[in-house]
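Taking it in order: structure first as C-alpha cells, then the write-up.
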Amino acid sequence: MRKRIVAGNWKMNLNLLQAKQLLEEIEKGNWGSEVEVFLFPSLFQLGHLQGTNQKITLGAQNFYPAEKGAFTGEVALDQLAVEGIQWVLIGHSERRQYFNETNAVLKTKLDYAIHQGSKVIFCCGEPLEIRENGSHFKFVKNQLEESLFHLNAAEMKQVVIAYEPIWAIGTGKTASTEQAEEMHAEIRSWLTEKYGHDTAESISILYGGSCNDQNAQELFACPNIDGGLIGGASLKADSFLTIINA
Ligand code: PGA
C-alpha cells in the first residue's frame, strides 16, 4: 500500500507567531493513520516548531549539498538533522525558476540528500507553453530522467514524487482531474519501466497546483494520485484540514 500524503508548503509566508498558531490549529484536526501530514515552513522556523509538534512531520524547503563551509545564506543537511528534520523538498518550480536550479543542479542535490539518508519530495511539472504545444509528457519525463531516474530501486524508496504543472501553481487554475491522473499514470508507467511493478506501486505521487478544499476529494480519488503538495490552501487551518480529510 502506498502512503497517502498531504504536504503543506508554506513558502516564504508567516512570521514565527503565525506559524506556531497555524501549526497548533492544524494539529487539532483528527485524521487517521492512513494519511501522513507534512509541513514545510521557512527554514529558520523549523527548530522552533519542531519542539511543539507531535503529529506532523516537518521538512525543509531547501538545503545546500555540502557538509559545511563558506556558503553564505545556505543551510546544511546536518544542521537540519540536529533539529530532527529528515525530509527535504527538491525541484520545486520556484527554485528552478528564481534560483536557476537546473536538472543537473537538482541531480546533485538529490544525490547528496539520498546519500545522507534524507527523504525527498521531488517536484516536476511543465510550464504553460509546453502544455499548450502538447509536449508535456516528454518534458516531465526528461526532468525525471535528468535528475531522478539514475537512482537505484532502494534509493527511489526514499523519494516521493510531486507533479506540479507550473501553470496551476498559485494561479487558481487547477489541472483537471483527467489531466492530473493522466500525467500521474504516465509517471507510474515510467517508474514501472525503470524499476519494475513493485517499486513503482510503492512510490507515492502527489499532485500540486491550486489544490484546495473544493477539488482535493476529486483529485485524491484518482487511482494514481496519492495526495497533494499544497501551497496557498495550507496557510489556513480549515482548508488544509479539509484537504487532509479528503
Ligand atoms: P499552490 O502551490 O497550492 O498555491 O498552487 C503549490 C506549490 O507550489 O507547491
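Is there a residue being within 11 Å of the ligand (Cβ to nearest atom), within 23 Å of Gln61 (Cβ to Cβ) and touching a Ser or Thr at 6+ places or on another chain (Cβ under 6 Å) anywhere in the stretch 187-206? Steps first, answer last, please.
So in the stretch 187-206, the residues within 11 Å of the ligand (Cβ to nearest atom) come out as 206.
Among the residues that remain, those that are also within 23 Å of Gln61 (Cβ to Cβ) are: 206.
With touching a Ser or Thr at 6+ places or on another chain (Cβ under 6 Å) added as a condition, the list becomes none.
Looking through the stretch 187-206, none of the residues is within 11 Å of the ligand (Cβ to nearest atom), within 23 Å of Gln61 (Cβ to Cβ) and touching a Ser or Thr at 6+ places or on another chain (Cβ under 6 Å).
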Go through the stretch 30-62 and give me each residue that's open to solvent by less than 10 Å² (accessible area, probe 1.4 Å), touching a Phe, Trp or Tyr at 6+ places or on another chain (Cβ under 8 Å) and of a type outside the set (Val, Ile, Thr). Phe38, Leu39, Phe40, Pro41, Leu58, Gly59, Ala60
If we scan the stretch 44-55, do we find a residue that is in a loop (DSSP other than H, G, I, E, B) and at pLDDT 95 or above? no
Here's a check for you: in the stretch 227-246, which residue that is crowded, with 22+ Cβ neighbours inside 10 Å and under 16 Å from Ala180 (Cβ atoms) is nearest to the chain's Cα centre (by Cα)? Leu229
Out of the residues in the stretch 148-166 that are out of contact with any Asp or Glu (no Cβ under 8 Å at 6 or more places or on another chain), in contact (Cβ under 8 Å) with a residue 24 or more places away in the chain and part of a helix (DSSP H, G or I), state the one that is least open to solvent (accessible area, probe 1.4 Å). Met156
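Identify, please: which residue in the stretch 90-113 is among the aliphatic types (A, V, I, L, M) and open to solvent by 10 Å² or more (accessible area, probe 1.4 Å) and is, among those, nearest to the ligand (Cβ to nearest atom)?
Selected residue: Val105.
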Out of (1) within 21 Å of Ile203 (Cβ to Cβ); (2) open to solvent by 50 Å² or more (accessible area, probe 1.4 Å); (3) more than 15 Å from the chain's Cα centre (by Cα), what's the single condition that is false for Gln86? (3)
Failed item, numbered, when Ala154 is tested on (1) among the hydrophobic types (A, V, I, L, M, F, W, C); (2) under 19 Å from the mean Cα position of the chain (by Cα); (3) more than 16 Å from the ligand (Cβ to nearest atom): (2)
Is one or more of the residues making up the stretch 163-175 away from the ligand (no atom under 12 Å from the Cβ) and out of contact with any Ser or Thr (no Cβ under 6 Å at 6 or more places or on another chain)? no
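The values are calculated or read from the model by the stated rules, or taken from the named source; none is laboratory data. It should be emphasised that the depicted structure is a prediction, and the values quoted were computed from it without experimental measurement. For neighbour counting, all protein chains shown are included, and Cβ atoms are generated from backbone atoms with ideal geometry for every residue, glycine included. The area values use the complete protein model at the heavy-atom level, side chains included, leaving out ligands, DNA and RNA. Shrake-Rupley method; radii C 1.70, N 1.55, O 1.52, S 1.80 Å.
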